[in-house]
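Below: the structure, in structure tokens.
Only the coordinates and a few stated rules stand behind these numbers; no lab work does. The model shown is predicted, which means the values in this text are computed figures rather than measured ones. Reconstructed Cβ throughout: ideal geometry from the backbone, glycine too, with neighbour counts over all protein chains shown.
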Amino acid sequence: MNKKLIIGNWKMNKNEKEIKSFFDSFSKSKDLNSIKCEYGVAPTFLDLMYTKELFSKNKKMIIASQDAHFEKSGAFTGAVSYQQLKDHGINYSIIGHSERREYFNDTDEVINKKVITLIENDMVPILCVGENLKERSKKKHFKVVAKQLHYDLNNVNIEKAKNIVIAYEPIWAIGTGKSATSEDAIEMAKFIRQELKTLFNEEVAKEIKILYGGSVNDKNVKEYLSNEFVDGALVGGASLDASKFIELLKGAN
Ligand code: 13P
């Protein structure tokens, strides 16, 4: 079974002082050595390097970006390229989060370019997919997710595809406290794995980690991860507080 992976998506939260206090309480925790899963956090672009430096002695802590631009460099005001991230030792990037799709107009075409660019540069895209409430109530969730996967993973090099991480994040469960049931998460993880077999092959599909995201916290994390189908979680709100995040990571063991 794949080792579980938990990434805390900090979104547009925290300043340096708050990150330092997160670091202090995280690093002082007596429970740190008992955490078996892989873990990381995704701060804003502004705080990536600060966070990376703080955690430099913690070799397990993955520092991920929340987005990346697919062009290497050029006249793209406000953007940060995958190449710049890589130069700074940032090798993971969340791509296609529903908030990016909704508020920044990240289309599947753009997301596909980002995934390909990251993969070609041996970086790890954490590709988010998921349906909204209307689509779920019309029972279109499988169709929506399949469409996203087929668009977003089009022309990805099969030799490197095992590095991809998929995060299933039903939009109606993000930040709402209305989490999907573990059965929903397992059912979708199985479906995604099946689609990945079609897109790539069985061997590659087996290697790709499939996470669940949407109101995961220290109390419910076990429900989602105590099975062989869901390989981890993408966590928003519950990753902001160090002691709660540690509890959550312990629950993922
Ligand atoms: P919440 O855990 O706050 O629901 O956010 C989920 C999310 O969007 C992680 O990317």
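Quick notes
- In order along region 237-251, the phi-based Karplus estimate (6.51 cos²θ - 1.76 cosθ + 1.60, θ = phi - 60°) of 3J(HN,Hα) comes to x, 6, 9, 7, 9, 4, 5, 5, 5, 4, 4, 4, 5, 5, x Hz; Gly and Pro are listed as x.
- Normalising the average separation of contacting C-alpha pairs (under 8 angstrom, six or more residues apart) by the number of residues puts the relative contact order of the chain at 22 percent.
- Amide H contacts for Gly130 (H built 1.01 Å from N in the peptide plane; partners 5 or more residues away or on another chain; cut-off under 5 Å): Glu169.
- Note on region 22-138: with charges restricted to the Cβ of Lys and Arg (+1) and Asp and Glu (-1), its dipole about the Cα centre is near 420 debye.
- Length released on extending from Glu228 to Lys143, taking residue separation times 0.36 nm less the Cα-Cα span: 28.3 nm
- Estimated FRET transfer efficiency when R0 is 25 angstrom, pair Tyr50-Ala79 (beta carbons, to 0.05): 0.80
- Histogram of C-alpha separations across the chain, 10 Å bin width, %: 7, 33, 38, 19, 2
- For Ser21, Ser29, order by how many other beta-carbon atoms lie within 10 Å, fewest first: Ser21, Ser29
- Top positive-direction residue, dipole computed over the chain with Cβ charges, set Leu48, Asn132, Ser179: Ser179
- Close amide H partners of Trp10, meaning residues 5 or more places away or on another chain with modelled amide H under 5 Å apart, are Ala42.
- Within the chain, helix-based [θ] at 222 nm, where runs of 4 or more DSSP H residues each add -39,500 (n - 2.57), nearest 500: -11500 deg cm²/dmol
- Within a Gaussian network of the chain (alpha carbon springs, distance under 10 Å), most fluctuating of Asn112, Asn132, Asn217: Asn132
- Subset of Lys3/Lys197; Lys162/Lys244; Lys20/Lys60 violating a 23 Å alpha-carbon distance limit: Lys162/Lys244
- Given charges at Cβ of Lys, Arg, Asp, Glu: the chain dipole, positive-most of Tyr212, Asn105, Ala252: Ala252
- Inter-label distance, nm, simple model (7 Å from Cα along the C-beta direction), Lys3/Asp24: 3.0 nm
- Under the Karplus curve 6.51 cos²θ - 1.76 cosθ + 1.60, θ = phi - 60°, whole-Hz ³J(HN,Hα) for region 103-119, x wherever Gly or Pro sits: 8, 10, 6, 6, 8, 4, 5, 5, 4, 4, 4, 5, 4, 4, 4, 4, 4
- Think of each Lys and Arg Cβ as +1 and each Asp and Glu Cβ as -1; about the Cα centre, that makes the dipole of the chain roughly 420 debye.
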